[in-house]
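First comes the structure, then the notes that go with it.
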Amino acid sequence: MIYKLFKTLAFQLNPEFAHVATVKGLGLLPSVFSIYGNFESSPKYQIETNIGVIPFPLGIAAGLDKNAEMVDYFGRLGVGGLEVGTVTPKSQPGNEKPRLFRLPKEHSLRNYMGFNGEGAGQVLSNISISNDYPMKLGINFGKNKVTPNNQAIEDYLYLFDYFASVGDYYVVNVSSPNTPGLRDLQDKAFLIELSKELESKEIQTPTYLKISPDMGVEQIREISEIIKDSIFSGIIATNTSSMPELGIGGVSGQLIREKSRKIRELTLSILSEQSDKEVIGVGGVDSIKDLWEFWQHGGKYMQIYTSFIYRGPKIFSSFAQKFDFLCEYFGTDTVEELIRLARYEKVNLPENLI
Ligand SMILES: Cc1cc2nc3c(=O)[nH]c(=O)nc-3n(C[C@H](O)[C@H](O)[C@H](O)COP(=O)(O)O)c2cc1C
């Protein structure tokens, strides 16, 4: 109810203005705003992953908190993780406005932000004044727009050094459609070179590669094979999708659900063959059905962005209620057991949850 009212007002405003105002509000008064939608954390929701124990199987995807201003808000809300960024070495303004558009009928967004952000220094300082929470803090790295692709590796390595031992996991983002040429870095030579450099730096923090949903099957296979044999802990699938018929930028939400789901399933099928690599799922995730299907294919942890905008913070407590219901329905005690049922016993969701 409260969120419906807030949304009605916020959706009257320019989307980026509403976003910035909300970030500032949640960032300044985390303890007040996190009361709404907060739910009781419980060990039964915990899942074991390459990042360690994640307190809840659903978290926030990159781009919502580019400058790490809402760590205290999401930490208090009780989400599984928050991926801040994309962070670039230096601050940059991003692309020209307007660059964020709502597609309300489709429960989707289109953005052409272009890694607007305050840069590594400010993000590190914001993280350092935030408290510690059970949620996992990811830091998503990108190159500056002015850095040519043949020097991009230096931007990424700089960020690894700069954030060394800060955060629970890192993400190499080479899949945003809004920085010219960035997606060309989803290339064998670049990924192998980067992986070797990270090995020589003996990076201990789990690191993921975030991929685009707009690649062909062969390219996804090739990237997944490289990841299998690399220092990376896995893949984040997927970023936004280019849909030029809708305009410039990347589309997120329900319009990319099917595309992202197929890519998650393909990467899961390759990575789960004789490897300890994993897939973090994102793209059009909105319901328990999305999570269950992901579990059935061998995944565990998922992220949301667009469904958080359309449904508000209560989306997390509504997932918690579904987990409680499913535990009771199947006579299990934990989400880990639900994941095992979905994956190994191929159990389906009860009809009333589909
Ligand atoms: C406004 C906006 C900004 C985004 N910024 C980033 C970003 O900086 N880095 C990144 O890796 N992904 C970014 N994303 C992509 C999301 O993290 C996510 O991969 C994508 O939106 C698909 O998930 P969704 O359908 O739940 O929104 C952004 C998405 C939106 C809508």
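A few notes on this one:
- Top of 118, 40, 48 by mean-square fluctuation, Gaussian network on the chain, Cα under 10 Å: 40
- Listed peptides 71-78, 346-353, 148-155 by packing density, highest first (mean Cβ within 10 Å): 71-78, 148-155, 346-353
- Net charge contributed by nearby residues that have their C-beta within less than 13 Å of residue 287 (K/R +1, D/E -1): +2
- Computed about its Cα centre, the charge dipole of the chain is approximately 1120 debye, with only Lys, Arg, Asp and Glu carrying charge at their Cβ.
- Which of 1, 135 has the fewest Cβ neighbours within 10 Å, and the rest in rising order: 1, 135
- Exposure proxy for 223, 127, 236: other Cβ atoms within 10 Å of each Cβ, ordered fewest to most, give 127, 223, 236.
- Counting charges near residue 200 (Lys, Arg +1; Asp, Glu -1) among other residues having Cβ under 14 Å from its Cβ returns a value of -3.
- Three semi-axes of the equivalent ellipsoid, the range 1-74, Cα gyration tensor, whole Å, largest first: 26, 15, 12
- Listed residues 24, 145, 66, most fluctuating in the chain (Gaussian network, C-alpha, under 10 Å): 24
- Across the alpha-carbon set of the range 33-84, the Rg to Rh ratio works out to 0.97, Rh being the Kirkwood radius.
- Charge tally around residue 23: other residues with Cβ under 11 Å, Lys/Arg +1 each, Asp/Glu -1 each, net -1.
- Each residue of the range 95-104 was assigned a 3J(HN,Hα) from its phi angle through the Karplus expression (A = 6.51, B = -1.76, C = 1.60, θ = phi - 60°), giving 7, 5, 8, x, 9, 9, 9, 8, 10, x Hz with x at Gly and Pro.
- From its DSSP helices (H runs of at least four residues, each -39,500 (n - 2.57)), the chain gives a residue-normalised ellipticity at 222 nm of -11500 deg cm²/dmol.
- Residues considered: 43, 55, 313. Largest GNM mean-square fluctuation over the chain, using C-alpha springs under 10 Å, is found at 43.
- Exposure proxy ranking, count of Cβ atoms within 10 Å, fewest first, for 179, 267: 179, 267
- Largest-first ellipsoid semi-axes for the chain, taking √(5λ) over the Cα gyration tensor eigenvalues, angstrom: 28, 25, 20
- Shown in residue order for the range 105-117 are the 3J(HN,Hα) couplings computed by the Karplus curve 6.51 cos²θ - 1.76 cosθ + 1.60 at θ = phi - 60°: 5, 9, 6, 9, 9, 10, 10, 9, 5, x, 6, 5, x Hz (x for Gly and Pro).
- Bridge orientation summary for the chain: considering DSSP beta bridges with both residues in this region, about 30 percent are antiparallel.
Bear in mind that the values in this text are calculations on the coordinates, not laboratory data. Bear in mind the structure is a predicted one, so any value in this text is a computation, not a measurement. Because the Cβ atoms are built from the backbone with ideal geometry, glycine has one as well, and the counts that use them run over all protein chains shown.
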